[in-house]
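The values are calculated or read from the model by the stated rules, or taken from the named source; none is laboratory data. Just so it is clear, the model here is predicted, and its values are computed rather than measured. Using ideal geometry, Cβ is built from the backbone for each residue, glycine included, and neighbour counts are taken over all protein chains shown. Areas reflect the complete protein model, heavy atoms only, side chains present, ligands, DNA and RNA absent. Shrake-Rupley method; radii C 1.70, N 1.55, O 1.52, S 1.80 Å.
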Amino acid sequence: MLHIYRQITGLKRCAPVVIAQKRENADRYPFQPVHIVPKPPTHFLRRFWFRQLRDQPWQISNVELRTLLAVLSKTRARLLHIYFGHIAVHLLPLIRAWKNPSIVSFHGADVMVDMNKPAYREATLQMLNAVTLVLVRSESLRRAVVDLGCDTKKIEIQRTGIPLEEFPFRERTFPQDGAWRLVQAGRLIEKKGLPITLRAFAVFVDRYPNAILTIAGEGPLLGDLQQLAHELNIEGRVSFTGFISQEQLREIYYRSHIFLHPSQTGHDGNQEGIPNSMLEAMATSLPVFATEHGGIPEAIENGESGVLVPERDDEALARALLNAAQDPGLLSRIGHAGASAVRENFDLSTQAQRLEEIYLKTIDSGV
C-alpha cells in the first residue's frame, strides 16, 4: 500500500527490512531489501481447518515460524513492526517466539472486522497482550483498540504522513457558470460511502447541470455504482476513471473545485482511520466535504477546515454542497485552513521522524 511505502522509505535513522508473502509492482515501488516468505502449499488447508472447522483465525505453521525467525536472525533485526492488526493475529506464534520487541499498527479496517466472533476477539486480545506497543492512526482507532481490551499504556497515536512536496498548495477560483468539478478518490468499497456521493450529486446536478463528478479508483462496487448512476440519470455527468497514477490524480485535484469523502461504517465493522486521499486533497487546498466518521473529525474542524455531515445522509451532503456553491468565500477559507491543518499535523517527514523515535525508544527499552 502506498501509505506504508511512503512511511518505510521516509525513515532516515533506521534501516528497514521488509518481509512479505509476495511482491507486486516492484517498478512502481522500488525498495531493497525485501525477503519473500511465500505461503506454503498447505496454506489453503490450514486456513480451512482454522476458519471453517474451528471458527478461529488461522495462524502460521511451524515451518513458516522457523523461516521467519531465520530471516529476522539473518538480518539482525532489533524490532518487528507488523502492519495491520488482523495480520498480527496470524503471526501470534512469531510474536511469542521472538525475543525482541514487536509493534503492531492499526489503520482502520483491521480493528472491528470479525470482532463479533468470540474466538477472533480472544485471539486479537492475546495478540495485543503479546506485543510491546500498539500504534493507531487516530484517536477513534485508539478508543476502538481499548474497547478490544488493550492496555491503554501500550497505545501510541502515529498519524499517517503525506509528502507535501508532491501535493503543493494552489490557489483556486470557483466557477461562475455552474461548471463545478467534484471528485472522490479511493477504493470502490462500502466504507467510502460512494452511493451517498452519487445521490447527493444527483441533487446538485439538478441545480447545476454543467457539473461533473469524477470517481477515481477501482474496486468491487464499480458495477453497482455505474448502475446507480444510470438509475439516477446522471451517468453522462459522472466519470469512473479506474486506477490512475498519483500524477494523474494530482492533476484531477487541481482541476476540481470540491472533494467528497462521505465515509461510513461498513456492515462488517470496517471503518476509516483518516483517509489518505482526503489529506492529499486538503494539502492542495481542495475544499473537502466528508462525514462525522472514524478519524475524519480529527483532521477536519467542521465549518473551518472542511464540511462534515452525518454518515449515510445524502440529503445533508446535497444541502451542504448547494449552500457552498453559493458561497465561494467559504470554499476558499476552508481550502486554505485544510491545507494548513495538513501541513501542521500530517507532514510525512515529521511523522516518519516520530516513528523512528518510537522505534529507537522501544529498542532502547529492551522490553
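Cross-link partners for K39 among the aspartates and glutamates, with Cα-Cα distance under 14 Å and sequence neighbours closer than 8 places in the same chain left out: E64.
Accessible area per residue (1.4 Å probe, heavy atoms of protein chains only) ranks K99, K191 as K99, K191, with the largest value leading. Loop-only check: which GluC sites (Glu not before Pro) in the range 119-201 are DSSP coil with at most 15 other Cβ within 10 angstrom? Those satisfying the criteria are E171.
With all pairs of different C-alpha atoms in the average, the Kirkwood value for the hydrodynamic radius of the chain is 22.0 Å. Divide the volume of the convex hull around the Cα atoms of the range 124-234 by the residue count and you get 165 Å³ per residue.
Using a probe of 1.4 Å on the protein chains alone, the accessible area found for R96 is around 140 Å². Mean sequence separation of contacting Cα pairs (under 8 Å, at least six apart), scaled by the length of the chain, corresponds to a relative contact order of 17 percent. Take the Cα of D364, step 7 Å along the line toward its Cβ, and report every residue of the range 1-31 whose backbone nitrogen sits under 20 Å from that point. Residues 11-16 fall inside that zone. In straight Cα distance, which lysines are under 29 Å from K12, not counting same-chain residues fewer than 8 positions off? Here the lysines satisfying the reach criterion relative to K12 are K22, K74, K99, K153, K154, K361. Solvent-accessible area of T160, all protein chains in place: 10 Å² (probe radius 1.4 Å, heavy atoms, ligands and nucleic acids excluded). When W180, W98 are compared by accessible area of protein heavy atoms, the largest-first order is W98, W180, using a 1.4 Å probe. Across the range 295-352, the mean sequence separation of Cα contacts (distance under 8 Å, 6 or more residues apart), normalised by length, yields a relative contact order of 40 percent. Computed over protein heavy atoms with a 1.4 angstrom probe, the accessible surface ordering of D206, D347, D313, D177, largest first, is D206, D177, D313, D347. Ligands, DNA and RNA left out, the accessible area of the chain computed with a 1.4 Å probe is 50% carbon and sulfur.
Per-residue SASA remark: E231, around 120 Å² accessible (1.4 Å probe; ligands, DNA and RNA not included). Taking every C-alpha pair closer than 8 Å and separated by at least 6 residues, the mean separation divided by the residue count of the range 267-330 gives a relative contact order of 25 percent. Straight-distance candidates among the lysines for linking to K192, with alpha-carbon spacing under 25 Å and chain neighbours fewer than 8 residues away dropped: K117.
Could you report the chain's accessible area per residue, 1.4 Å probe, as an integer in Å²? Walk me through the numbers before you get to the answer.
Numbers: 17500 Å² over 367 residues.
Accessible surface, normalised per residue, equals 48 Å².
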